[in-house]
Amino acid sequence: MLVPFVAVLWGLDRIGVRESIDAQEEQIRSSLQTVLSVSHEAMLGWVSTQVGMARIEAARADFPRPDTAGSFSDSDRARAIRAIMGRNPAADTVFLALGPDEVNKEEYTRCRPVVPRGGRRVIVPPHGDFHRVVHIESDGGGVCRLVVRVPVTGEGGELNGSVTLVFDPHRAFSSLTMLGRIGATGETYAFDAGATLLSASRFVPELPPEFPGDGERGRLIPIRLEDVMGRAGDGAGRPLTLMAVSALRGEAGYDTEGYRDYRGVPVVGAWLWNSDLDLGLATEMDHSEAFAPLRVPHLAIHVLTATGILACVFLVLLIARLRGQRERVVSSERRFRRLFDTAPVGVSLFDGEGGLVSRNGAAVEMFDPAGSRWESLGAVLEHLRRVIPGATLSDDSAIRFEAELDRASGPGSDPVVLRTDVIAGGIRAGRSGARQENTIVLTQDVTAERAAERELRESLEEKKILLKEVHHRVKNNLQVISSLLYLQSRAVEDPRSVKMFDEARERVHAMAMFHETLYRGDSLAHVQAGQYVSGIAEGLMRSHVPLHVELVTECDPIDLHIDQAVPIGLILNELMTNSLKHGFPDDRRGEIRVEFARESPDSARLTVSDDGVGMPGEWDPERRDGLGTTLVSGLVRQLDATLSVSGGEGTRIDIRIPITD
């Protein structure tokens, strides 16, 4: 049923699109042929003007007859040529042949004076053939010229010589073709049978005038587009254009379906071939611009088609839905009744007046079989107000409460904990005082669940106390180790060994501070950074007794995970120990600053800086010239952190640490 409607709408869509494309193609074809015809006529007019100027020069009597040509010197000939060029500013070169012998001897003529315009190349035309007054000559090196050669005859019609004017058609044809454009992307260009462009490219100004190839008519003419750096562009190896190839075969026509031009852009266009001048002319415009007016109509057609298809689909679905509505309602009611009767929780349904409509077996078992309790919604709400003072039930609301009730089996029985959900629904008729249409009361026996929760809380509290005691004992053991190290150092006389014992004691103290902070805090998974960092720093200051050095700590309220706290404390211990031992020699006064600041939600920065004497050179933790340096380097890698050192007045070490939850 749906498929025929969709097929008809799709067919209408295709017909509308095809008709609009055909109309646009006809309009484009007419415009292209009009522009091509106008450009061709303008080109023929320019050529006819140059032929007329050559005939005028041939009719002048500025050079002698053949019988007196011997007295006509080369300077006289050059003077005559300059005069002709002065009267014909468009000509690049003028050739003047005197007598039949010069006309028919190309070698002789090449030796005669030639006066080209400054900076222009000379192309010597063929001699002795006047069957074509106008033709195109190329030197094979990319230079193409238009040659106009007319005979000079005497009064009796005898051949006295010839006048040949050579023009550069590139400038003139470029000016003419620039006027023959359609739209913003239109282009008209001329070319000869030797695969040489006779006009400038509009889009590629640096395009060479001659393309590599044998110039054979009908062959594809490959081109090589290059940028200003001499690198081959995307157009390398493409044919000149389909139009140019067809025109080189002597054909004329048009193409509105689209093909790629020398830029690689889809275009439409028309072309022709002038066999008299032996040159072709083509006009093009981008396919996208040519068919741009069809975008909005095509979009409208597609939107209408899609709307029609969606409407058909909607109607079919609506009919199918209406057909099965009765079956779905009956099936839904059957499923609801089955779920209502077999639900593991007590379900009581009250009507809009608060009277009990129905309740399932679980609800009956939770109360006395006679149903003396909660026979009405008012009894439920009254009990709710006793449990939750001020509680009310409004439209479309849900309230949950728990209460302990005595079982109905008799006095002395254990109380039962019932969790009750009161769900009110329906519509209240303004301020008339109408009640809700229905209310559902869900009751569940959670006595065992609450007992299990109490046991779990008690167990967790016991484990928390046990963990705190473990951390306390670990801290005490570490302090014992620190005391043992101190006593052992008293028995050692070697200053270097004493120093090693002291450093070990300080590291043990840093770990002990972690356990002390942990068992004194509220959490066993995190330590408070401010309390932890300040405790380590102040303990080091008391251990070294640097009366001439002050300590400044600034810590943001950051919770450190226990996996990160110990490495951070050891790093802080090593950095502060290094500052206290080496930064303030000879009782030098100064300040040590410890900062622990949050830089982003998932990273923090630990900074230890002093204004002491600084380090003698750049400190590289990777050199590992001591246990402290090795320890810092390893702990930084363990934390996946980064370390940076800056000098100047004193020393500043920044460690950026990713913070984990």
> If amide H atoms are built 1.01 Å from N in the plane of the peptide, which residues on other chains or at least 5 residues away come under 5 Å of the amide H of residue 92?
Replying inline: 166, 167, 168
> Spin-label point model (7 Å from Cα, Cβ direction): what's the residue 19 to residue 60 distance in nm?
Replying inline: 6.6 nm
>> Just want the answer: with Cβ charges of +1 for Lys and Arg and -1 for Asp and Glu, which residue in 345, 290, 330 is farthest toward the dipole's positive end in region 265-354?
In response: 345
> Order of 49, 629 from fewest to most other C-beta atoms within 10 Å?
Replying inline: 49, 629
> Given the C-alpha centroids of region 153-170 and region 272-346, what is the distance between them in whole angstrom?
Replying inline: 74 Å
> For region 152-166, in order, what is each residue's ³J(HN,Hα) by Karplus, 6.51 cos²θ - 1.76 cosθ + 1.60 with θ = phi - 60°, in whole Hz (x at glycine and Pro)?
Replying inline: 10, 10, x, 5, x, x, 6, 7, 9, x, 8, 10, 10, 10, 10
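Quick one: dipole size for region 525-661, taken about the Cα centre, charges +1 on Lys/Arg Cβ and -1 on Asp/Glu Cβ, in debye to the nearest 20. Display every interim value, and only then the final one.
Numbers: 12 positive and 23 negative charges, 57 e Å.
Value, rounded to 20: 280 debye.
Neighbouring Cβ atoms within 10 Å as the yardstick, rank 332, 579, 358, 633 fewest first.
Values: 332 10, 579 26, 358 13, 633 17.
In order of increasing Cβ crowding within 10 Å: 332, 358, 633, 579.
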> Where does each of 39-45, 153-159, 267-273, 526-532 land if you order them by average Cβ count within 10 Å, highest first?
Replying inline: 267-273, 526-532, 39-45, 153-159
>> Using the Karplus curve 6.51 cos²θ - 1.76 cosθ + 1.60 with θ = phi - 60°, what ³J(HN,Hα) values do you get for each residue of region 41-56, in whole Hz, with x for Gly and Pro?
In response: 5, 5, 5, 5, x, 5, 5, 4, 5, 5, 5, x, 5, 5, 5, 5
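Laboratory data are not the source of any read-out in this text; all were calculated from the coordinates shown. These numbers were taken from a predicted model, which means no experiment stands behind them. Here the Cβ is made from the backbone with ideal geometry for all residues, glycine too, and neighbour counts use every protein chain on show.
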